[in-house]
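A short worksheet on the structure shown next.
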Amino acid sequence: MTAYNRARYIAEAIESVLAQKFSDFELIVVDDGSTDETLEIARRYVKDPRIRTLLNEKNLSDYPNRNQAARFALGHYLKFLDADDTMYPHCLSVMVEQMERFPEAGIGIENEAEHRWSRPYPILLSSAAAYREHFFGRGILSEGPSAVIIRGSVFREFGGFLPERHISDTEFWLRIARKHSLLLCPAGLTWWRQHDEQEHRRGISRGPVIARRYQVAVSALMAQDCPLGAEERGLALQQVRRKYCRGVLSAIARGRLSFVWSLYKGAQETQTQGPG
Amino acid sequence: MNTPLVSVLMTAYNREQYIGEAIESVLAQTLKDFELIIVDDRSIDHTVEIARSYSRDPRVRVYVNERNLGDYPNRNRAAELARGQFLKYLDADDIMYPYCLEIMTEHLTAFGEAAIGIECESEHRWHKPFPLMLSPADAYCEHYFKQGIFSEGPTATIIRTTAFRECGGFAHRRHISDTELWLRIARKRPLVLCCCGLTWWRQHAEQESVSEKADLSVTVNRYLLDVMAVTHKDCPLDLTRQRLVLRKLQRRYLRLIVTAVWHGRLGSALALGRAYVAPAMGQ
């Protein structure tokens, strides 16, 4: 659990972990230099020997702090839970049980659209199937860290999240899914709070986020070890580019020029990046 | 005889292909304190044999009706046989995830006044995690102004047995008797919204809900049901909201009639129109 100024919510988040039916866990809270009472509130719970609280010497920001938390982890699996979200009591037991049943899966992700599947969860997808589902289906890899469980060895194999502020979650899931199978878990395991202080809320419609999402998609599809065949890869790229162009055009139409500029720069950077 | 906490009610008609999986999903529940009542509605395939092969487990009881009762009357029949505090319907072509009973009974136990629990899909709209208790007025508002929470089928619900019996169970209408009962229960008693991902609803070609799409009478009956629900003397909505819903329903329905006329489906338009003119006759 990484936290920055979450005094309002962190108690609820911690209590949702302590209320898990699955009890073989450690809870690592890493405070990123909050200026409010986040850390004090977290420390109230350390009577429980499974809880450790840590304070960063300097502010690392969102994704580097997640990597920091993972460095302290001793568990076989890593389960991120943001300090403003909660887990339902069956979350860990379900996710762990399903990952144990499918040792070939590197990562498990909650999935909402279950009626499309012809069998119940958990559903194991090969790398290619996961990419196909993400790019041509319903963006299964767009879920945030709270919706995910990762095998610890897999996390370390890939070196964790990139430090970029936006979309580094999807970028990481794409990187993992390139080499490992992916497990779709049922929805309703975590509760994702929507509130105004969120990165997501502040950033979702801004140019840099959209530009970064585009870059992440393009570089995943251009990567040498992209699991899709040449034809599907081309189709997915075309689709991603078209959507981006539509975004640029509608921004121009609405006269939002700084927005257009950041999208344009994003596209330039993606081009110079090339495959790899 | 000890009474179980939950009665799982599985009504079945020609479900040999799926019923084994459904039963096994019940036997795999983390909550053990249940009885499973299977009522076969005179299947002509191997449904009963398959069900009986599980009755070594003393919690499983298999019944066969003397004559075919039809979908909802058979659900009432299964409820008559139940001894549990809660009723959990599970259709023979669906399955429950292992933690389903445990979570649903916990939720209803936590909210003692609530008569029914319903799985709810769009949790991101809520400011608190599930379970959430809604008063009758809030539940009706949610259903008619936001997302139709009462459109869920029996597999997505858990019902307090006393509340079911007070209401007299399902009415004998095809297709919409589930929604009709939820509306009736929620008129007087609060309900609990439970988190999603507890049951898995199979979609296949033999289903009632797939074939109903073509069925004009379902559209008519659904409209009549909604009109009756919001004009009922005990409707929990205030008068302003009742009028608002009614107008919304009528507008949507009129659009259907206009579309039917537009496409030259005059017979359909007439059938729809008749119900529009005399909604009171629907009862």
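At-a-glance table
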quantity	calculated
Counted residues, the stretch B:101-121 - those being touching a Ser or Thr at 6+ places or on another chain (Cβ under 7 Å) and of a type in the set (V, I, T)	2
Residue, most open to solvent (accessible area, probe 1.4 Å), within the stretch B:116-134, restricted to residues that are more than 27 Å from B:L36 (Cβ to Cβ) and out of contact with any Leu (no Cβ under 9 Å at 6 or more places or on another chain)	B:H127
Elements of type strands (runs of 3 or more DSSP E) in the stretch A:37-132, at least 1 residues being within 12 Å of another protein chain (Cβ to nearest Cβ)	A:105-111, A:123-125
Selection within the stretch A:133-143 - away from chain B (no Cβ under 14 Å) and either of a type in the set (G, A, S) or crowded, with 16+ Cβ neighbours inside 10 Å (or both)	A:E133, A:H134, A:F135, A:G137, A:G139, A:I140, A:L141
Residue match in the stretch B:109-116 (condition: under 23 Å from A:Q194 (Cα atoms), among the aliphatic types (A, V, I, L, M) and more than 14 Å from chain A (Cβ to nearest Cβ))	no
Identity of the residue in the stretch B:185-203, in a loop (DSSP other than H, G, I, E, B) and over 22 Å from B:P129 (Cβ atoms), that ends up farthest from the other protein chains (Cβ to nearest Cβ)	B:R189
Test: residue in the stretch B:16-32 that is more than 14 Å from chain A (Cβ to nearest Cβ), assigned to a strand (DSSP E or B) and more than 26 Å from B:A205 (Cβ to Cβ)	no
Conditions (1) acidic (D, E); (2) within 14 Å of chain A (Cβ to nearest Cβ); (3) open to solvent by 20 Å² or more (accessible area, probe 1.4 Å): number failed by B:E66	(2)
Selection from the stretch B:152-200 of residues that are under 18 Å from B:V6 (Cβ atoms) and β-branched (V, I, T)	B:T155, B:T157, B:I158, B:I159, B:T161, B:T162, B:I185, B:V192, B:T199
Tally of residues being outside any loop (DSSP other than H, G, I, E, B), at pLDDT 95 or above and of a type in the set (G, A, S) across the stretch B:123-151	2
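The values are calculated or read from the model by the stated rules, or taken from the named source; none is laboratory data. These numbers come from a predicted model, not from an experiment. Note that we place each Cβ from the backbone using ideal geometry, even for glycine, and neighbour counts take in every protein chain shown. Accessible surface is based on the protein model in full, side chains and every heavy atom, while ligands, DNA and RNA are left aside. Shrake-Rupley method; radii C 1.70, N 1.55, O 1.52, S 1.80 Å.
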